[in-house]
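These notes concern the structure reproduced below.
A short reminder: the numbers here are calculations on the coordinates, not readings from a lab. Worth saying up front: this structure is predicted, and the values here are computed from it rather than measured. Using ideal geometry, Cβ is built from the backbone for each residue, glycine included, and neighbour counts are taken over all protein chains shown.
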Ligand SMILES: Nc1ncnc2c1ncn2[C@@H]1O[C@H](COP(=O)(O)OP(=O)(O)OP(=O)(O)O)[C@@H](O)[C@H]1O
Ligand SMILES: [Mg+2]
């Protein structure tokens, strides 16, 4: 018996993985949309997939869902291959794609009843799911007549109505208003508490930070990092910012305070960047006082912008070198 290559299905996959991706590549024309990606989504995990437009997130997610075929590499969902269309997996997965399809001539309630029936879900789940996504009052509206955000809510409902164990949501909050976004967070937190696994793409970094156990960042088809948001923020060494009202201390003097790494002027404030907040606050207190001084701790967005900005530069350099 020959030993298995790491890209075969016999590759080591953690038993607790809901989704396991090994060395997956997908090209369109000559261009790699997904380039050698490996990752594991654990059961019960809220897993975020982040990256700029065109990074390959939807392509990768659709390969996990069994909607697209990888050129090479392998995917296992609950230990089974999702491609070719695996009907045993369908009831266990809920899928909301970026371009979800609807039965447009039906009403909201008819649409979701149809989806529920396809998956053999109970009809009681239809009303409960419409309530959960804030469409409780829109049962009899034709899908055609929904607003963009309401359609998005219906797409999310269609992914949830049959109570799947594994839920894929591709930018579910893109068209939602602020309230709808927060309501969805609560719904998703509830699903996570029930032990469901959620794979989630978003451009809202605050959302990823608030919801995700781990995030993976894709840039130009390649996985740059997979980590817990707080760990990423901590280890990446992003700076905190202290906002000092203008006129309190001049730029030169602020830049000379111990621990200050950079100083800029923004929106009526002098912005001091530092990795030693306590030290700078103490020094500032001694020379200018702390009245009106605000502290901004680093967020996932800071780290994300740093990573994707840098990597985008590198990708551009690589492409220029190849050209
Ligand atoms: N069906 C297709 N045919 C040809 N190229 C495609 C197709 N789908 C995606 N691509 C290309 O693959 C790359 C990755 O696209 P993908 O939709 O996966 O990105 P994304 O990270 O989801 O972006 P976004 O944040 O805009 O949704 C892009 O360059 C895109 O133009
Ligand atoms: Mg996408």
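Quick rundown of the values:
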| item | result |
| --- | --- |
| Per-residue [θ]222 nm for the chain (sum of -39500 (n - 2.57) over DSSP H runs n ≥ 4, rounded to 500) | -10500 deg cm²/dmol |
| FRET efficiency for residue 104 and residue 174, using Cβ-Cβ distance with R0 set to 25 Å, rounded to 0.05 | 0.80 |
| Inter-probe distance in nm under a simple model that places probes 7 Å from Cα toward Cβ, at residue 306 and residue 118 | 4.4 |
| Principal-axis tilt of helix 277-288 within the chain, Cα atoms, nearest 10 degrees | 40 |
| Order of 178, 59 under a 10 Å beta carbon neighbour criterion, fewest first | 178, 59 |
| q = 0.06 Å⁻¹, the chain: log10 I(q)/I(0) [Debye, one scatterer per Cα] | -0.28 |
| For peptides 279-290, 190-201, sequence by mean Cβ density within 10 Å, most packed first | 190-201, 279-290 |
| DSSP-defined beta bridges in the chain - what % are antiparallel, rounded to 5 | 65 |
| Contour minus Cα-Cα distance for residue 227 and residue 210 (0.36 nm per residue) | 4.7 nm |
